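A quick write-up on the structure given underneath.
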């Protein structure tokens with residue numbers, strides 16, 4: 001029986017890169033996104049070409065009702081879940097200095113990137129525990145996709161940095177709590193990745209990368225993140241719960 005993976009924000013960008021690699025690895029997929037299903041049909045069909053089942057779970061992870069509805073859809077269709085990939089995230093609608101940033105922007109970013117992810121993980125964790133209790137052979141994991149912004153300060157998007165720093169701690173918290181059930185929890189921390197979220201700052205980062213921002217002198221790609229997540233999901237790091245996998249081309253290495 002194929003394992004099932006639920007990827008939030010899985011229909012575009014980093015999430016799609018992850019979905020593609022999990023499909024290649026033989027996982028059936030539940031893909032979450034905010035767009036109507038008819039707008040992502042081509043993406044879903046492309047994933048199905050790997051010979052796996054794919055369902056679309058439209059919803060906002062910041063919404064308690066939507067989280068409940070999505071998990072019920074996965075239960076109804078697959079009857080099980082093995083891997084949760086918390087990838088969905090939003091950037092501030094406007095990049096404002098922390099001296100001018102608004103509560104509205106703070107609430108918008110935190111509610112999706114941290115609060116929504118935290119409580120989705122809580123719900124999934126309890127379901128994974130149930131499945132583990134029913135069968136000791138059941139194996140699963142949770143993978144949080146954060147950002148170098150968890151530790152690298154950007155004063156014009158403080159709410160984003162705080163959300164990712166909080167997600168990093170959430171990884172540690174759930175890793176500790178789920179240890180007794182042998183359910184590992186990991187964090188994948190991407191650097192500068194070429195997606196629609198970074199499209200507006202392409203020229204800026206082209207120049208920075210050319211100037212030596214990263215040890216590996218190129219943009220990161222969704223494919224790079226997908227490879228890392230797939231290795232974790234397949235169980236290639238069975239004794240590394242709570243750890244951070246950096247996918248940043250050496251950007252955060254301390255250098256002289």
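Only a single item in (1) free of Cβ contacts under 8 Å to residues at least 12 places away in the same chain; (2) in a helix (DSSP H, G or I) is not met by residue 112, and it is number (1).
Output the residue which, of all residues in region 147-163 that are in contact with a strand residue (DSSP E or B) (Cβ under 8 Å, 6 or more places away or on another chain) and part of a helix (DSSP H, G or I), is farthest from residue 246 (Cα to Cα). Taking the candidates together, the pick is 150. Here residue 171 meets the list (1) part of a loop (DSSP other than H, G, I, E, B); (2) out of contact with any helix residue (DSSP H, G or I) (no Cβ under 7 Å at 6 or more places or on another chain); (3) surrounded by 21 or more Cβ atoms within 10 Å (Cβ to Cβ) almost entirely, failing just condition (1). Condition test on residue 179, is it under 13 Å from residue 142 (Cα atoms), more than 18 Å from the chain's Cα centre (by Cα) and not in a loop (DSSP other than H, G, I, E, B)? So residue 179 fits the description; yes. Candidates 4, 54, 83: the one that is touching a helix residue (DSSP H, G or I) at 6+ places or on another chain (Cβ under 6 Å), within 14 Å of residue 127 (Cβ to Cβ) and buried (at least 20 other Cβ atoms within 10 Å of the Cβ) is 83.
Of the numbered criteria (1) touching a residue at least 12 places away in the same chain (Cβ under 8 Å); (2) in a helix (DSSP H, G or I); (3) out of contact with any helix residue (DSSP H, G or I) (no Cβ under 6 Å at 6 or more places or on another chain), the one residue 226 fails is (3). Whenever a residue of region 84-106 is free of Cβ contacts under 8 Å to residues at least 12 places away in the same chain, its partners that are in a loop (DSSP other than H, G, I, E, B) and crowded, with 19+ Cβ neighbours inside 10 Å, lying with C-beta atoms within less than 9 angstrom and at least six residues away or across chains, give the pairs 94/101. Out of curiosity, is residue 196 loosely packed, with under 14 Cβ neighbours inside 10 Å, touching a residue at least 24 places away in the same chain (Cβ under 8 Å) and over 15 Å from the mean Cα position of the chain (by Cα)? Answer is yes for this residue. Taking the numbered list (1) surrounded by 14 or more Cβ atoms within 10 Å (Cβ to Cβ); (2) under 20 Å from residue 117 (Cβ atoms) in turn, residue 182 passes all entries but (2).
Scanning region 91-117 for residues that are under 19 Å from residue 57 (Cβ atoms) and surrounded by fewer than 19 Cβ atoms within 10 Å (Cβ to Cβ) returns 111, 115.
None of 203, 231 is within 15 Å of the chain's Cα centre (by Cα), free of Cβ contacts under 8 Å to residues at least 40 places away in the same chain, farther than 22 Å from residue 90 by Cβ and not in a loop (DSSP other than H, G, I, E, B) except 231.
Flag: residue 79 matches the condition of being at pLDDT 95 or above, within 30 Å of residue 181 (Cβ to Cβ) and not in a helix (DSSP H, G or I). Test residue 15 against the criterion of being in contact with a strand residue (DSSP E or B) (Cβ under 6 Å, 6 or more places away or on another chain) and buried (at least 22 other Cβ atoms within 10 Å of the Cβ), and give yes or no. The answer is yes for residue 15.
The values are calculated or read from the model by the stated rules, or taken from the named source; none is laboratory data. What you see is a predicted model; the values in this text were computed from it and never measured. So basically every Cβ, Gly included, is an ideal-geometry build from the backbone, and we count neighbours across all protein chains shown.
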